[in-house]
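Report on one structure; see the data block that follows.
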Amino acid sequence: MPDLKPRDFTDLWAFVRVVETGSFSAAARQTGTTKASVSKAVARLESALQVKLLNRSTRRIGLSEAGRDIHRHALRIVDEARAIESVAAGLTAGPAGTLRVTTSMAFGNAQLAALLPAFMRRYPDVRVSLTLTDRHVDLVEEGIDVALRLSSDIGLTSAVARSVAPLRYVLAAAPAYVAECGLPPDLAALQTHRCLMFADAGPGANWRFDDAGTPLQITPSRALAINSSQALREAMLGGAGIALLPTFVVGDDIRAGRAVHILPASNPVGMFGSHVLAVYRENRFLPQKVRVFIDYLLETLGTLPPWDAFLRAAHRDDGAQDDTSPLS
C-alpha cells in the first residue's frame, strides 16, 4: 500500500505544475527551480504511489490512466492550498498569469481574437495564449484554462460548461445572387436554388429548421460543399448560392449589406449546437484569471452578441416581434 509522507505533497505540487504547464522545463521556470529537480520530484511521487503518472515522449508529456485520476484529486489539494494563500494575502491581488484559451478556427478568427484586446487592457497582468484548432482539445493534458466550444460535448466528466452566448444560424446569399436568381418564397423553393453545404454534413445531408417548435427538414440542391464555414462565407459572398451559416460568421455581412438574409422567419437549426460554451475544469476556487475572462465574455456577448445586431435592426424595421422570432 502506498504511504504518503509530508515530502510527497511537495512532489504532488510539482506533478500538478508539470500537467498545468505541459513540460518539466515550464514547470521549473514557474517554480524557480531546475528541470532535473522537477523530474526527480515526479519520479519520487511515482515511486511513493507505486504507479506511473506520466507518459513521456520526445514531443509531449501526457497523463497515464492512473495519472489522470490522481491529477483530479491532486487538483483539489492544490486548490485548497491556493485558497489558503488567497485568504492570507487578503484577496488583494488582482488577476494575473497566463490564461490559456482554445476555440475553433472559425470562431477564433471571426470573433474571439477581436475581443481580446479590450480584455487585455482591462487586465494588464493577464497574458493570453490562444490556440485555434478544430480538433478536440483535452483541457488537462494540454494545460488549457478555458475552451470555447460550439458543441454540447464537453469531453470531460470533471468539467463545467457555461453558456456565454447563444449560437444562431441564418440562410444568406450575396445581393448579386439574389439579383440573378431571385428570393425563394418558401423553404421548399430552396430545392430549385444553388445551395452551399458544409461538407462534413455528408452527401445526403438535410437542412433542418424549427417551425414554432415543429422540426422541419429539406434536402437542398447541393451546388458546392466545403468543410469550412469561413470558406462557405467567401463562396456565398462571391455569388455562388445560398448558404446556411452561423451568425457569428455572416451577421456583420448582413448588417453591412454584403449579404442578404434569406427567409428570415425560417429559424435554421445548425450542426454546431445552440450555444457558445465556456468549458473549464471543475474547481471550487476558480482562478481569478478564468473568472474575470468568463465574466468579460458574458458582459460583452450576452443574449444578443454584437454579431447578431442585424436581428435587432430587422425587428425594429418590422415594427414588432412575434413568437417565432430568433430573439424570443
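A few comments on the model shown:
- With a 1.4 Å probe rolled over the protein heavy atoms of all chains, the accessible area of T31, T192, T98, T103 falls in the order T192, T31, T98, T103, largest first.
- For the stretch 207-282: rounded, prolate or oblate by the Cα gyration tensor [a/c cutoff 1.5]: oblate
- Extension gain from D134 to A199, taking 0.36 nm per residue of separation minus the Cα-Cα distance: 22.0 nm
- Converting phi to 3J(HN,Hα) with the Karplus coefficients 6.51, -1.76 and 1.60 and the offset θ = phi - 60°, the stretch 120-136 yields 5, 5, 6, 10, x, 8, 9, 9, 10, 10, 9, 10, 9, 7, 9, 8, 6 Hz in sequence order, with x at every glycine or proline.
- Inter-label distance, nm, simple model (7 Å from Cα along the C-beta direction), R56/A189: 6.8 nm
- Summing +1 for each Lys or Arg and -1 for each Asp or Glu among the other residues whose beta-carbon sits under 12 angstrom from that of P175 gives -1.
- Inter-part distance where the stretch 14-29 and the stretch 222-287 are each reduced to a Cα centre, Å: 38 Å
- With DNA, RNA and ligands ignored, accessible area of H73 (1.4 Å probe; Å², nearest 10): 100 Å²
The values are calculated or read from the model by the stated rules, or taken from the named source; none is laboratory data. Predicted model, so just to flag it, every value in this text is computed and none were measured. Cβ sites come from the backbone with ideal geometry, for glycine too, and all protein chains shown count toward neighbours. Surface accessibility is based on the protein's heavy atoms, side chains included, excluding ligands, DNA and RNA. Shrake-Rupley method; radii C 1.70, N 1.55, O 1.52, S 1.80 Å.
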